[in-house]
Every structure is written in structure tokens, then in C-alpha cells.
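> The structure under discussion is supplied below as C-alpha cells; questions concerning it will follow.
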Amino acid sequence: MSELLTVIGLILVLEGLPYFAFPEKFKTWILKLAEMPETQLRIYGLVSMLIGLLVVFLARRSPGLGG
């Protein structure tokens, strides 16, 4: 359970970072994002999830990284 809470906390830190560090640029990026076709957004989301799964797989498999 502590690993899950750690992961959720890290996700929140990473999600909040652009809002805090670059609020003006982030607003512009969000407006551009709203204009993208849904298909393109879905592809970006799928690629992000696959990269995330690969990182988790490699981290859990590597002896020195927590696996």
C-alpha cells in the first residue's frame, strides 16, 4: 500500500509541476491541445501509457532498481 501511495504522490508532483513552473506557457499549450483532433490525442495517450508500462516493466525487472 505504501508503494501505491508513493506512486500517486509522485504523479501529483509531476502533474502539478508545469502549472507551478510555467503557468503562462502551460495555458498556451492547453489551448493548442484543445484544438487537436481526438484521434491524435488518443495516439499520444496510448504512446504515453506504453512508455510508462515499459518503464515500470524494466524497473521491476532490473535487480538494482527495486525488482
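> Please verify whether ALA59 is at pLDDT 95 or above and not charged (D, E, K, R), treating the condition exactly as stated. Can you show your working first?
On the way: at pLDDT 95 or above: no; not charged (D, E, K, R): yes.
Answer is no for this residue.
> Out of LEU14, LEU5, I need the residue that is of a type in the set (A, V, I, L, M) and under 15 Å from the mean Cα position of the chain (by Cα). Which one?
Going through LEU14, LEU5 in turn, the sole match is LEU14.
> Quick one: which helices (runs of 4 or more DSSP H) lie wholly within the chain and hold at least 2 residues that are aliphatic (A, V, I, L, M), surrounded by fewer than 10 Cβ atoms within 10 Å (Cβ to Cβ) and without any contact (Cβ under 8 Å) to a residue 12 or more places away in the chain?
Where helices (runs of 4 or more DSSP H) fall fully within the chain and carry at least 2 residues being aliphatic (A, V, I, L, M), surrounded by fewer than 10 Cβ atoms within 10 Å (Cβ to Cβ) and without any contact (Cβ under 8 Å) to a residue 12 or more places away in the chain, they are 2-21, 23-35.
The values are calculated or read from the model by the stated rules, or taken from the named source; none is laboratory data. Model, not experiment: these values are computed from the prediction. A quick note on method: Cβ atoms are made from the backbone with ideal geometry, for glycine too, and the neighbour counts reach across all protein chains shown.
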